[in-house]
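Taking it in order: structure first as structure tokens, then the write-up.
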Amino acid sequence: MPTPISHAAVGFAIGAWTAPAPPTTRVCALAAACAALPDIDVLWSSGLPESSPFAHRALTHSLAFAVVATILIARVAFRQRRARLGLTLGLALLSHSCLDALSTYSLGIAFLAPFSEQRFRFPWTPLGRPEDMIVSQLVIESLLVLLPALLLAWLGWRIRNRSAVPTASS
């Protein structure tokens, strides 16, 4: 199962590549926070049946939650370019559920909550195999999610910041 660190790294990379150039630390950090936000449900989901709309990977992992949270966060955090920056934050938020759908942990993701109780999982599920030890799960996650996300974040930051620097013309 993806860790909050991997979710945040993916969110930061999304911020680095999709925010208006040059990407700012504020936007990338907010995208990282948005990518980790759906796991806020662990604060209240302990002991709930997995079929509950308030269980882990249910309502806070849904498309509806992503839309509402994106609108609220963009409205509070930005005065200008709300739509463009909201798109960045929304993509970061949705990345969380998509990563979680790559694991076999739990019943799947309730992408359509609160309108449907159906849980989904992608056909390819390389993350979070219950029969593996936690160390092997972390190694697999690092190789498939964390390291590529960190590399993409670094490249996006470097390339998009370099292209935004004005050059002196001769």
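Yes or no, residue by residue, for (1) part of a loop (DSSP other than H, G, I, E, B); (2) of a type in the set (V, I, T); (3) surrounded by 16 or more Cβ atoms within 10 Å (Cβ to Cβ); (4) touching an Asp or Glu at 6+ places or on another chain (Cβ under 7 Å):
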{"residue": "T88", "(1), (2), (3), (4)": "no, yes, yes, no"}
{"residue": "L91", "(1), (2), (3), (4)": "no, no, yes, no"}
{"residue": "Q118", "(1), (2), (3), (4)": "yes, no, no, no"}
{"residue": "F122", "(1), (2), (3), (4)": "yes, no, no, no"}
{"residue": "Q137", "(1), (2), (3), (4)": "no, no, yes, no"}
{"residue": "L146", "(1), (2), (3), (4)": "no, no, yes, no"}
{"residue": "L151", "(1), (2), (3), (4)": "no, no, no, no"}
**Prompt:** Looking at segment 4-24, is at least one residue within 19 Å of S97 (Cα to Cα), buried (at least 20 other Cβ atoms within 10 Å of the Cβ), in contact (Cβ under 8 Å) with a residue 12 or more places away in the chain and over 17 Å from the mean Cα position of the chain (by Cα)?
**Reply:** no
**Failed criterion for L72 (all others in (1) surrounded by 14 or more Cβ atoms within 10 Å (Cβ to Cβ); (2) modelled with pLDDT of 95 or more hold)** = (1)
**Request:** Take E141 and decide whether it is acidic (D, E) and buried (at least 16 other Cβ atoms within 10 Å of the Cβ).
**Result:** yes
**Message:** If I go through segment 96-114 residue by residue, how many of them are among the polar types (S, T, N, Q) and assigned to a loop (DSSP other than H, G, I, E, B)?
**Reply:** 2
**Request:** Select, from L127, L107, the only residue that is in contact (Cβ under 8 Å) with a residue 24 or more places away in the chain, touching a helix residue (DSSP H, G or I) at 6+ places or on another chain (Cβ under 9 Å) and on the phi < 0 side of the Ramachandran plot.
**Result:** L127
**Item:** Subset of segment 25-64 [surrounded by fewer than 16 Cβ atoms within 10 Å (Cβ to Cβ), in contact (Cβ under 8 Å) with a residue 60 or more places away in the chain and not in a loop (DSSP other than H, G, I, E, B)]
**Value:** none
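The values are calculated or read from the model by the stated rules, or taken from the named source; none is laboratory data. Keep in mind the model is a prediction, meaning the values are calculated, not measured. Glycine also receives a Cβ, built like all others from the backbone with ideal geometry; neighbour counts cover every protein chain displayed.
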